[in-house]
Amino acid sequence: MIQWSEIKKVLILQPENPDGDSVASALALEEILGDAGKEVVIYSYVNIPGYLRYIQGQDRITDEFPNDFDLTIIVDTVTGSLLENTLSGERMSKIQKKPVLVLDCHPVENDLPLEHAEFFKGEGSVIATGELVYQLAEQNDWAINAMAATHIVEATLADTLGMTTEAVTAQTVRVVADMLEAGA
């Protein structure tokens, strides 16, 4: 169990195939955790694709791996091959020494090479990692500001093809509605 009061600096990892859900979820976490007094670095081994430039803040995602952090959060993947380069060498040795939290909405087998990782599954059936970010914030009584709310909606819209897939649930619609009320 993550002891949030002991966490000062958070590293958020993008999968090596960043998409709208992973980028927007990471940025939502950056906003939420920043407002909770945490320093946040979002790292991506690869460049963020040009088609995601519409997501405000994506330019803050860096390819410079930090020297120190207290917690790693992996967003939108539990597949080791999608973090193969990220989780190698010196980066891996730094990550293995600290707690790891994984937020992923995909129902696939975990094959991350991190035996100590904690998985946040959330409640109900979620279609986007952005929904898990929302639930994590709710569970910890963290405020969701308007920009974080916007990113949660962006993440949800990205993974639901604009709310058109049959996987969209009433819960998904409620999350989007709550985020619109929060200023998204």
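Summary table
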{"quantity": "Answer from Pro15, Pro99 - the residue that is open to solvent by less than 70 Å² (accessible area, probe 1.4 Å), within 24 Å of Glu123 (Cβ to Cβ), touching a helix residue (DSSP H, G or I) at 6+ places or on another chain (Cβ under 6 Å) and not β-branched (Val, Ile, Thr)", "calculated": "Pro15"}
{"quantity": "Condition met for Glu64 (at negative phi, modelled with pLDDT of 95 or more, open to solvent by less than 50 Å² (accessible area, probe 1.4 Å) and acidic (Asp, Glu))", "calculated": "no"}
{"quantity": "All positions within the range 32-48 that are farther than 19 Å from Val133 by Cα and open to solvent by 40 Å² or more (accessible area, probe 1.4 Å)", "calculated": "Tyr45, Val46, Asn47"}
{"quantity": "Single match in Asp70, Asp59, Asp104 (criterion: open to solvent by 10 Å² or more (accessible area, probe 1.4 Å), at pLDDT below 95 and not β-branched (Val, Ile, Thr))", "calculated": "Asp104"}
{"quantity": "Per-region count, the range 143-181, residues touching a helix residue (DSSP H, G or I) at 6+ places or on another chain (Cβ under 9 Å), part of a loop (DSSP other than H, G, I, E, B) and surrounded by fewer than 18 Cβ atoms within 10 Å (Cβ to Cβ)", "calculated": "5"}
{"quantity": "Residue in the range 80-94 that is in contact with a Ser or Thr (Cβ under 7 Å, 6 or more places away or on another chain), open to solvent by less than 50 Å² (accessible area, probe 1.4 Å) and under 20 Å from Val10 (Cα atoms) present", "calculated": "yes"}
{"quantity": "Within the range 80-116, tally of residues that are assigned to a strand (DSSP E or B) and at positive phi", "calculated": "0"}
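Every residue, every condition in (1) in contact (Cβ under 8 Å) with a residue 60 or more places away in the chain; (2) in a loop (DSSP other than H, G, I, E, B); (3) farther than 11 Å from Pro15 by Cβ, yes or no:
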| position | (1), (2), (3) |
| --- | --- |
| Tyr51 | no, no, yes |
| Ile55 | yes, yes, yes |
| Glu64 | no, yes, yes |
| Ile74 | yes, no, no |
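The values are calculated or read from the model by the stated rules, or taken from the named source; none is laboratory data. No experiment lies behind these values; they were computed from the predicted model shown. For neighbour counting, all protein chains shown are included, and Cβ atoms are generated from backbone atoms with ideal geometry for every residue, glycine included. Just so you know, the surface numbers come from the protein's heavy atoms only, side chains and all, with ligands and any DNA or RNA stripped out. Shrake-Rupley method; radii C 1.70, N 1.55, O 1.52, S 1.80 Å.
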